[in-house]
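The values are calculated or read from the model by the stated rules, or taken from the named source; none is laboratory data. All values derive from a computational prediction rather than experimental measurement. Here the Cβ positions follow ideal geometry from the backbone for every residue, glycine too, while neighbour counts run over all protein chains shown. These accessible areas exclude ligands, DNA and RNA; they are computed on the full protein's heavy atoms, side chains included. Shrake-Rupley method; radii C 1.70, N 1.55, O 1.52, S 1.80 Å.
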Amino acid sequence: QVQVVESGGGLVQPGGSLRLSCAASGITFSIAAMGWYRQAPGKQRELVAHITRIGTTNYADFVRGRFTISRDNAKNTVYLQMNSLKPEDTAVYYCKALVIGRDYWGKGTLVTVSS
């Protein structure tokens, strides 16, 4: 059974930092492409960052230079380090694993950026 579980969300002030984690089980993590997405209230889900199985990364323009995606294959975990957070970063953040053509989604973790 495949499980994708996000953690690390919470309330943070503008300009602050958070690190999200996503642990995946039931898949061969080392061959999975992993992505972080977010969905703000009333908006569509959008890609935030992506990392391939060999570590190539890609970022949405609105987070480039502020967020960093990384992976630890020994821990079956992908991370999203978020710095210089803005109120518009407020959203539910979802993790997705793509393995052999199938997507597996987590249930999300809420990030709220507010003073």
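In this structure, Arg19 does satisfy being modelled with pLDDT of 95 or more and open to solvent by 70 Å² or more (accessible area, probe 1.4 Å). For region 43-69, the set of residues classified as farther than 15 Å from Tyr94 by Cα, open to solvent by 60 Å² or more (accessible area, probe 1.4 Å) and not in a strand (DSSP E or B) consists of Arg53, Ile54, Thr56, Asp61, Phe62, Arg64, Gly65, listed by residue number. Against the numbered list (1) in contact with a Phe, Trp or Tyr (Cβ under 7 Å, 6 or more places away or on another chain); (2) open to solvent by 30 Å² or more (accessible area, probe 1.4 Å), Glu6 comes up short only at (2).
Of all the numbered requirements in (1) aromatic (Phe, Trp, Tyr); (2) open to solvent by 40 Å² or more (accessible area, probe 1.4 Å); (3) modelled with pLDDT under 95, Phe29 misses one, and that requirement is (2). Leu85 passes every criterion in (1) open to solvent by less than 50 Å² (accessible area, probe 1.4 Å); (2) assigned to a strand (DSSP E or B) apart from (2).
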